[in-house]
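The values are calculated or read from the model by the stated rules, or taken from the named source; none is laboratory data. The model shown is predicted, which means the values in this text are computed figures rather than measured ones. A quick note on method: Cβ atoms are made from the backbone with ideal geometry, for glycine too, and the neighbour counts reach across all protein chains shown. Accessible surface areas use protein heavy atoms only, side chains included; no ligands, DNA or RNA. Shrake-Rupley method; radii C 1.70, N 1.55, O 1.52, S 1.80 Å.
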Amino acid sequence: MKTLNDFNFKNKKALIRVDFNVPLNDTFEVTDDTRIVSAKPTIIKILEDGGSCILMSHLGRPKGVQDAFSLRHIADKVENILGVEVKFVDECVGEKAETAAANLQPGQILLLENLRFHKEEEAGDKAFAEKLSKLGDIYVNDAFGTAHRAHASTTVVAQFFPNNKCFGLLLAQEIESINKVLKTGEKPVLAILGGAKVSSKITIIENILDAVDHLIIGGGMAFTFIKAQGGKIGNSICEDDKQELALEILKKAKEKNVQVHIPVDVIAADDFSNDANTQVVDITAIPDGWEGVDAGPKSRKQFHEVVMQCKTILWNGPLGVFEMESFAGGTIELGNSIAEATKNGAFSLVGGGDSVAAVKQFGFENKVSYVSTGGGAMLESLEGIVLPGIAAILE
Ligand SMILES: Nc1ncnc2c1ncn2[C@@H]1O[C@H](COP(=O)(O)OP(=O)(O)O)[C@@H](O)[C@H]1O
Ligand SMILES: O=C(OP(=O)(O)O)[C@H](O)COP(=O)(O)O
């Protein structure tokens, strides 16, 4: 696996795919700069070698050229974080971009305009990728968050650098942390899957059964499993067409000696609002008109005990509707348990858009071993798929 450290960038132009798809507010300020900060080590290493950096990224999902999605909005923020002047060019291919890249001197940084202003980017167009490739001498992919997309800049462009392509430090670190869970994780290994996207996560459960000793199925995910086993779930969220698969997963887990932990009690609410009436009920007997919105006290205790026994912990998906203060308790307690286990030496990996938001909101960011910069990308990796952006470097 070629990484940045296998190259010396002296007098070389690095064409770096970063994922600067960061959230912006109404006045175009970056509200979460994690992805920019995470790309810094790669950029600095190249500059310190005596090379220059051409940064390319998408931002959002624009339809054609839309100023609201211009990377110009984040250029100052990038400059600020890197501590080096960032030149911006309002194109990513063609004469203007090529001239700007050609004029770049060692130690300088150029930020290209949003790749998705060209439909060829998402189409994985070869001619477009070739135009991008003209800008640099060495291709570096450091965009883990977009590694599950087979786009021109993440995948196709690599073929124009057969001997001059490598992973950036962030991407290498992300791969390593996923491997720590799936391949080399110290036992017992625990996966905690919560949240709401049952259909997109249920395939992940199947895939990771070989890698884990314990599995916690919490949050909105739990109800499909409870209903499939004959429990009464009231108005709780459920994906009826996945019930059979849920039973199959429980059967497979048993065959593979994976211990599955599903909440035994829940906080049920009579309305999907922060000030709904609530009661703690058995998860298999939720009254009609009520829905499970957070883990109950017995479940929290049960999960704490499981977490504390495990040496490798993967967490994706909150245990309740954490966006509402009244239903954040289960997620916070789980975060505390994982923080405590990590302090005692466990390796913990958290990923997923909402899970990472929860981790940051409740201050666990520095108390877990690794917070992934990818949502979809991390989930797809856990399904055992070699992501196209990663495969393109390995080929
Ligand atoms: N019991 C529940 N009922 C309804 N929604 C839930 C429940 N538990 C968690 N959720 C919701 O799940 C969402 C996050 O799920 P998901 O998108 O699968 O997680 P991630 O983005 O971390 O992968 C949150 O918005 C949260 O409110
Ligand atoms: O934010 C991203 O993905 P994520 O929301 O799954 O973490 C990536 O930048 C990919 O963006 P896309 O889902 O528009 O291809």
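Based on the Kirkwood radius over alpha-carbon pairs, what is the Stokes-Einstein translational diffusion coefficient of the chain at 10 °C with 1.306 mPa s viscosity, in µm²/s?
Values: Rh = 22.3 Å.
The calculation lands on 71 µm²/s.
Computing FRET efficiency as 1/(1 + (r/R0)^6) for Lys119 and Asn163, where r is the C-beta to C-beta distance and R0 is 22 Å, gives about 0.15.
Calculated FRET efficiency, Asn257 and Asn207, Cβ-Cβ r, R0 25 Å, to nearest 0.05? Please list the in-between numbers first.
Values: r = 17 Å, r/R0 = 0.67.
Rounded to the nearest 0.05, the efficiency is 0.90.
Each residue of the stretch 263-278 is assigned a 3J(HN,Hα), and the resulting list reads x, 9, 9, 9, 8, 9, 10, 8, 7, 8, 8, 4, 9, 5, 6, 10 Hz, derived from the Karplus form 6.51 cos²θ - 1.76 cosθ + 1.60 (θ = phi - 60°), x at Gly and Pro.
Keeping all protein chains in place and using 1.4 angstrom, which order do Trp290, Trp315 fall into by accessible surface area, from largest down? Spell out each step's value before the answer.
Values: Trp290 55, Trp315 5 Å².
Ranked from most to least accessible, the order is Trp290, Trp315.
Here each label is just a point 7 Å from Cα along the line to Cβ, and for Lys183 and Lys367 those points are 3.2 nm apart.
Antiparallel as a % of all DSSP beta bridges within the stretch 197-323, to the nearest 5? Please report the intermediate quantities before stating the final value.
Numbers: 9 of 14 bridges.
Here the share of antiparallel DSSP bridges comes out near 65 percent.
Projecting the Cα atoms of Pro41, Met56, Gln66 onto the dipole axis of the stretch 32-74, where Lys and Arg carry +1 and Asp and Glu carry -1 at the beta carbon, places Gln66 farthest toward the positive end. Summed over all non-identical Cα pairs, the Kirkwood treatment of the stretch 192-326 gives a radius of 14.9 Å.
Within the chain, antiparallel bridges make up roughly 20 percent of the DSSP beta bridges whose residues both belong there.
For Glu48 and Gln105 in the same chain, what is the full-extension length gain: residue separation times 0.36 nm, less their Cα-Cα distance, in nm? Display every interim value, and only then the final one.
On the way: separation 57, 0.36 × 57 = 20.52 nm, distance 1.29 nm.
Here the segment from Glu48 to Gln105 would lengthen by 19.2 nm.
A straight line joining the Cα centroids of the stretch 146-178 and the stretch 278-335 runs 37 Å.
Going from most exposed to least, what order do Met378, Met308 have by accessible area with a 1.4 Å probe?
Details: Met378 0, Met308 60 Å².
Sorted descending by solvent-accessible area, the residues read Met308, Met378.
Would you kindly find the accessible area of Thr27, with a 1.4 Å probe and non-protein molecules such as ligands, DNA and RNA excluded, rounding to the nearest 10 Å²? Thr27 has an accessible surface of roughly 100 Å² with all protein chains in place.
Taking 0.36 nm per residue of sequence separation and subtracting the Cα-Cα distance, how much length would be gained by fully extending the chain between Lys2 and Thr27, in nm to one decimal? Before the final figure, lay out each step's value.
Working: separation 25, 0.36 × 25 = 9.00 nm, distance 3.99 nm.
Stretched fully, the Lys2-Thr27 segment lengthens by 5.0 nm.
Taking Lys301, Lys343 and ordering them by how much accessible surface each has at a 1.4 Å probe, largest first, produces Lys343, Lys301.
Given 0.36 nm per residue, what is the gain on full extension from Asp270 to Gln66 after removing their alpha carbon distance, in nm?
Here the answer is 69.1 nm.
Here the Karplus curve 6.51 cos²θ - 1.76 cosθ + 1.60, taken at θ = phi - 60°, turns the phi angles of the stretch 374-387 into couplings of x, x, x, 5, 5, 4, 5, 4, 5, 6, x, 8, 7, 4 Hz, with x standing for Gly and Pro.
With the simple model of a label 7 Å out from the Cα in the direction of the Cβ, Glu98 to Ser200 spans 3.9 nm.
Computed with a 1.4 Å probe over protein heavy atoms only, the accessible area of Cys92 comes to about 0 Å².
When nucleic acids and ligands are ignored and a 1.4 Å probe is applied, Thr284 ends up with an accessible area of around 70 Å².
So what is the diffusion coefficient of the stretch 1-124 in µm² per second by Stokes-Einstein at 25 °C and 0.890 mPa s, using a Kirkwood Rh over Cα pairs? Intermediate values should be presented prior to the final figure.
Numbers: Rh = 14.8 Å.
Once the numbers are plugged in, D ends up at 165 µm²/s.
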